[in-house]
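First up is the structure itself, then whatever we jot down about it.
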Amino acid sequence: MKSKKSVAALMMCCLIVMGLLGTKIPAYADGGGVMYYQLLKNSSDTLSAGNIYISTNGNLEDMSFASVNFPSDILSAELEVTGDKENATYGSGTYGDGYPVNVIQRDSQFDSCDDGHLFYSTDEGAWRYYCNYGGAQNAGPYYLYSVGTVNFTEQNILVSESDTYAPGPGANTITNSDLNVHIVVSDQGLDYQVTNFTFLDDQVNFPDDVTVTLDVGGVSVNFDMRGKEAVPMAQVDYMNGVLTGFEPGAAYMINGTPYTADADGNIAADDGWKGMGISIVKTAVDDNYVDSDAQLLPVVKAVVPQAAANYPNKKLTGLAAGVSYTINGTTYTADANGNVPVQEVWYGTTLDISQDTSSTEFASDVQQLPVAARPAAIAPAVTARDDTSLTIRAESGHVYRVLTTDGQTAADWLFDGGEGDADTTEGQITFAGLTENTAYIIEAYIPVTDEAPQSVPVSSQDVTLCRVGGKVNGSDLPAVIKITDKATGGVVAEVMTDDQGNYMSLLPAGAYNIAIAGKDGKQTLDAGELTIPASGTEGIDFTIEDVVKETETPTEAPTEAPTEKPTEKPTEKPTEKPTEKPAVKQTEKPSATPKTGDETPLGLYLAVLLISGAGIAIVLKRKASVDK
């Protein structure tokens, strides 16, 4: 059936070529049809023998008019003028001079008799018709037209599809508007398009039945219609990144660009299609088909995420619940609230966040989200201390707490001036209520805000001071206790006793030398050594036996001292000290027992000084005890 179309196309090509070469297609007098063409109005009041056409419409003149049948829709009759003007009579009546005519063809309204006369009406500028047999009398007015006629056969008929032809796939009914039908009579230079053809078969069913049969003025013509390719039914396979549902190996146009489906009937999805609707047309497989209508297919792309950093809760918020996202190359799934936990490595970076491809949409474009870095906290600096408190410099925006070395909280988080701050000075915090001579860890951080995360905590370590005190027993009071650093010799403290010889000082852990001077400060005697351990010791009692006056002259003292003291002191003190200072105290706090430089725990027995040349000996005794 498709071969007929090729024959018709070949015939058209031949006719065109023949016309170009000057060869004419002859008109056939028999075995064909008649084409009526050109309507030319005739305003003459005289007639000649031959065929004429009349119509009640005086405005039909049309040089492009053509019809393959008598155009009874616009012409009333085709008449043959059979003689000259004559006096016409009917029965006993006389009508005057008129032209005798025979009726060749007529419309349904025209007189049914076969002959009559035409009379010209000068007043109307038109013609009146009288039937010779008493039928129509004085009918009209009619206007006269000259119409060309030519005989044609199938060879003179050229059929093609019209510009408006829009076949669908499968079964279709073809109408006159789908086709262009021309009568070409080249030997008379005629080429007219006719529209009043009919169908003997107007049904097609692509691809099996493509032929229609036309009746063109009584001439039967077959013509093969081009079919339309079926509208594609493509779908998007998002997970595999392809369009599916195509005919394997078939050609398609997608958004105006040609593509060929692979052996599985797939076409790879182009990135440019994502997030838009695409137009898919199946390209005509050959000349017997036209391109399909377009399938409009939405290709969905996920919207760009609108995540935000929630620093107090350490989460990214604003994501879709249960949806998978790629964040800096790693896949995360948002929880039921649309949140993803913030990873430590994200602080101080810019995150690339995109929603992953799912079964219903392609991956989104990337959201770039800056995440603030953790601020840098300043390590606490102790500016003052005593036996039960530590004072630090308070930095803006920081909070502080105190921990024991085993991690127990000694003082909870404080802002400068907040509850628990024992001072009223802006820019510092005093932690009170601490334990004497105890090491503490002071921790600081910058709290989280809506704009930034919490800082990494920083810390420093310090120790509260130890109370060192006691009594100087003697008569030269008050006295000055001078405490120096054993390693450097630098003065750490100078303390004046009261009139009864009592004194007290706060010292950090360390090794010290202690000396005593009279109230005039001119003589200084070494009173021993003192070591305060790193922590754990509370209240060291360091009592000093001071001035003992004797009346002997200076000359006697040298002789008495060698003979009396060696025999007196060694026998006296070993019996006294165990009673005054129990052995348990020495084992508990050995580092707190002052050192004298000799092996005797009783310390220094005698120190002889010459004062003001008077020859008076001041005998000092020292004892140290540790109280806890």
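The table below gives the values:
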quantity: Among the candidates Asp215, Asp270, Asp237, Asp264, residue that is of a type in the set (Asp, Glu), in contact with a Leu (Cβ under 6 Å, 6 or more places away or on another chain) and without any contact (Cβ under 8 Å) to a residue 60 or more places away in the chain; calculated: Asp215
quantity: Leading residue by the ranking (surrounded by the fewest Cβ atoms within 10 Å (Cβ to Cβ)) among those in the range 21-44 that are at pLDDT below 60 and among the hydrophobic types (A, V, I, L, M, F, W, C); calculated: Leu21
quantity: Residue count for the range 121-157, restricted to those that are among the small types (Gly, Ala, Ser) and within 20 Å of Thr195 (Cβ to Cβ); calculated: 1
quantity: Pairs with Cβ under 6 Å, 6+ apart, first in the range 369-383 and touching a residue at least 12 places away in the same chain (Cβ under 8 Å), second open to solvent by 60 Å² or more (accessible area, probe 1.4 Å); calculated: Pro370/Thr350; Arg374/Val456; Ala381/Arg393; Thr383/Arg393
quantity: Residue within the range 552-567 that is modelled with pLDDT under 85, of a type in the set (D, E, K, R) and open to solvent by 70 Å² or more (accessible area, probe 1.4 Å) present; calculated: yes
quantity: Those residues of the range 307-346 which are aromatic (Phe, Trp, Tyr) and open to solvent by 30 Å² or more (accessible area, probe 1.4 Å), in sequence order; calculated: Tyr332
quantity: Matching entry among Asn205, Asn196 (being at pLDDT below 95, over 30 Å from Met35 (Cβ atoms) and of a type in the set (S, T, N, Q)); calculated: Asn205
quantity: Qualifying residue in the range 90-107 (condition: buried (at least 19 other Cβ atoms within 10 Å of the Cβ) and modelled with pLDDT under 90); calculated: no
quantity: Filter result for the condition that a residue is more than 18 Å from Lys301 (Cα to Cα), open to solvent by less than 30 Å² (accessible area, probe 1.4 Å) and of a type outside the set (A, V, I, L, M), over Ser389, Ser354; calculated: Ser389
quantity: Total residues in the range 53-82, condition open to solvent by 20 Å² or more (accessible area, probe 1.4 Å) and either touching a residue at least 12 places away in the same chain (Cβ under 8 Å) or part of a strand (DSSP E or B) (or both); calculated: 15
quantity: Residues within the range 121-145 that are in contact with a strand residue (DSSP E or B) (Cβ under 9 Å, 6 or more places away or on another chain), among the hydroxyl-bearing types (Ser, Thr, Tyr) and more than 13 Å from Ala88 (Cβ to Cβ), tallied; calculated: 4
quantity: Matching option when the condition is open to solvent by 70 Å² or more (accessible area, probe 1.4 Å) and more than 60 Å from the chain's Cα centre (by Cα), among Asp163, Asp114; calculated: Asp114
quantity: Of residues in the range 423-452 being loosely packed, with under 15 Cβ neighbours inside 10 Å and of a type in the set (S, T, N, Q), the one modelled with the lowest pLDDT; calculated: Thr424
quantity: Count - residues of the range 419-458 that are within 18 Å of Asp406 (Cβ to Cβ) and in contact with a Leu (Cβ under 8 Å, 6 or more places away or on another chain); calculated: 8
quantity: Count of residues meeting criterion [farther than 30 Å from Arg226 by Cα and not in a loop (DSSP other than H, G, I, E, B)] in the range 271-297; calculated: 4
quantity: Condition met for Asn132 (out of contact with any His (no Cβ under 9 Å at 6 or more places or on another chain) and either more than 21 Å from Val290 (Cβ to Cβ) or at pLDDT 95 or above (or both)); calculated: no
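Yes or no, residue by residue, for (1) open to solvent by less than 50 Å² (accessible area, probe 1.4 Å); (2) more than 30 Å from Ser67 (Cα to Cα); (3) of a type outside the set (Ser, Thr, Tyr); (4) within 29 Å of the chain's Cα centre (by Cα):
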| residue | (1), (2), (3), (4) |
| --- | --- |
| Val204 | yes, no, yes, no |
| Val210 | yes, no, yes, no |
| Val236 | yes, yes, yes, yes |
| Gly241 | yes, yes, yes, yes |
| Gly249 | no, yes, yes, no |
| Ala261 | yes, yes, yes, no |
| Ile267 | yes, yes, yes, yes |
| Ile280 | yes, yes, yes, yes |
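The values are calculated or read from the model by the stated rules, or taken from the named source; none is laboratory data. What you see is a predicted model, and the numbers here were worked out from it, not measured in a lab. Every residue, glycine among them, receives a Cβ derived from its backbone with ideal geometry; neighbour counts consider all protein chains shown. Heavy atoms of the whole protein, side chains included, go into the accessibility calculation; ligands, DNA and RNA do not. Shrake-Rupley method; radii C 1.70, N 1.55, O 1.52, S 1.80 Å.
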